[in-house]
Structures are given as C-alpha cells and as structure tokens.
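Below is one structure, written out as structure tokens, with a few remarks after it.
Just so you know, all these numbers are worked out from the coordinates, no wet-lab data involved. Computed from a predicted structure; not experimentally measured. Cβ: placed from backbone, ideal geometry, glycine included. Neighbour counts: every protein chain shown.
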Amino acid sequence: MAKKEILRVKGDIKTIYSKLSKIYAFIEEKFEKEIRTKGLTLLNLREGENVLEIGFGTGSTLVEMVKAVGAEGKVYGIDLTPKMVELARNKLMRHKFLRRVEICEGDARDMPYENKKFDAIYLASTLELFDTPDIPKVLNEVKRVLKPTGRICVISIPKENHENSFALKMYEWFHKMFPKYASCRPIYVEDSIKEGGYEIINKDEIMMDRIFPMKIVIAKPLSE
C-alpha cells in the first residue's frame, strides 16, 4: 500500500489571512454557507452548552452558535489573525451578540482555556491550515479542553478517496507554486482524527460546485 502523504505548509497563516481578511466575508458567504449549515446540523448544539469555534474568520458561525445554545449557553472563539478578531467583533456587535460571545486572538496549538471546559468544538477549514507535524498537536489540545462526553466537528478538504481527483491535484499544484495564496491543502481527515484519539460517530461529504469535496466529521474523544 502506498504511503499516505500530504503536502507541507510553507506560508505563515497569520500573514496570509491578514491579507485575505478584506475578501474573506465574501468567501464565507459564497463558498462556505452550505457546508457551515450542514456541519452545525450534524454537531447538534443544544441549549445551555459551552461551545468553541477554532478559526472563526469573520464570525458567521459564531452568530449561528449563539442562536443554538440560547441564553443559558456560552460561545467562545479563537483565531490566529488579529484582523479576523476585529471583523468578527464588529459582526457580533451588529447582531447584538457581543456580550454572549468571548473571542480572542490565539493559537490552537496552545489555547488559553481550562481543561474539560467545552461541550462541543467546531473547526471548519482550519485543521488543514496547520503544517503536518502540528495537526496532532491541535487535536491533542482540542481534546484537553473538551469534556470527556463532548464532541467535535471537523470540516476539511479530504484527500482520502480523492487521491486521483483532478480538482484536488490542481489545488495541490497551486499550493506548491503559490503557498502565500493557497495556504491550506487536502489532508487525510479521518485518519488524522482517529490517530488523534477520537472515535468517529458521524460523517458526510459535500461536493462544492460539484467538483470540490469537503468532508464533515463528528467525533468524540476515546475513553482514557
């Protein structure tokens, strides 16, 4: 069996997404709305829960999370890019949700949260931004702040079952040639999650524009 290889990440995430922040609101609404709706449906947030989004971008998902957890719940968000924090804060202010969401600039490899704090954690188009050696670090840190009975939703570009996809091969070529603009790349989503010490409890896949796959995985931490 051929070794499962994924490309390395060369660009600096913070620098890249600071530049992309000017157009990212358009990207979120144009390309991510369907996958966001499906992911949140499968994550099945409940009233009163503490939830975290890692890599919240301009804050569209944070708004939906506030509605789902209700007045008794609390939403948190962490993002590596200062400009995204600013944009998300402005969006939450417009929706009058700022007091119900706590957001901060920070790194998913070392988060400023206490152990076993969250009922659910959401990572969309985020895990594949980290370099290969950092993916296990992120998943381990997620497990640390997640309750033993909690669950995660990971949405990423999947390489499994798409190794011969023309669309993904072109994306990988673009990633290698222009890492400052295509910072993420396809990863083996399910393998990464299982190797990180999680059990997959649900999954789905959406073909964006009928050519580009995005995988949704719901998982829970394995009992220690």
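Evaluate the charge dipole of the range 13-221 about its Cα centre and quote only its size in Debye, nearest 20, assuming +1 on the Cβ of each Lys and Arg and -1 on the Cβ of each Asp and Glu.
Result for the range 13-221 is approximately 520 debye, rounded to the nearest 20.
Report the residue, chosen from 199, 72, 172, that carries the largest GNM mean-square fluctuation when the chain is represented by alpha-carbon nodes joined by springs under 10 Å.
Of the options given, 72 has the highest mean-square fluctuation.
Summing Lys, Arg as +1 and Asp, Glu as -1, what charge do residues with Cβ under 12 Å from the Cβ of residue 215 carry, residue 215 excluded?
Neighbourhood net charge equals -3.
Mind sorting 214, 170, 177 by how few other Cβ atoms lie within 10 Å of their own Cβ, fewest first?
Final ranking by Cβ density, sparse to dense: 177, 170, 214.
Greater than 19 Å separation of Cα atoms is the criterion. Which listed pairs, 159/194; 116/220; 33/176; 117/143; 38/116; 74/147, meet it?
Working: 159/194 15 Å; 116/220 13 Å; 33/176 27 Å; 117/143 10 Å; 38/116 26 Å; 74/147 15 Å.
From the list (159/194; 116/220; 33/176; 117/143; 38/116; 74/147), the Cα-Cα distance tops 19 Å for 33/176; 38/116.
Simple spin-label model, 7 Å along Cα-to-Cβ: residue 206 to residue 90 in nm?
Roughly 2.5 nm, to one decimal.
Can you give the net charge of the other residues whose Cβ lies under 12 Å from the Cβ of residue 109, counting K and R as +1 and D and E as -1?
Its environment carries a net charge of -3.
Given the options 122, 76, 113, which has the most mean-square fluctuation in a GNM of the chain, springs set between C-alpha atoms less than 10 angstrom apart?
Residue with maximal mean-square fluctuation among 122, 76, 113: 113.
Tell me the label only: which of [x] 127; [y] 117; [z] 140 is volume of the Cα convex hull per residue in Å³ as calculated from this structure?
Of the listed options [x] 127; [y] 117; [z] 140, [y] comes from this structure.
Straight-line reach from residue 83: which aspartates and glutamates fall under 17 Å, measuring Cα to Cα and dropping same-chain residues less than 8 apart?
12, 28, 53, 102, 105, 107
With Rg and the Kirkwood Rh both taken from Cα atoms, where does Rg over Rh land for the range 42-138? Don't skip to the answer; put the middle values down first.
On the way: Rg = 12.9 Å, Rh = 13.6 Å.
Ratio of gyration radius to Kirkwood radius for the range 42-138: 0.95.
Count charges around residue 47 for me, please; just the other residues with Cβ under 12 Å from its Cβ, Lys/Arg as +1, Asp/Glu as -1.
Details: positive: 46, 67, 74; negative: 49, 72, 119.
Within the 12 Å Cβ shell, the charges total 0.
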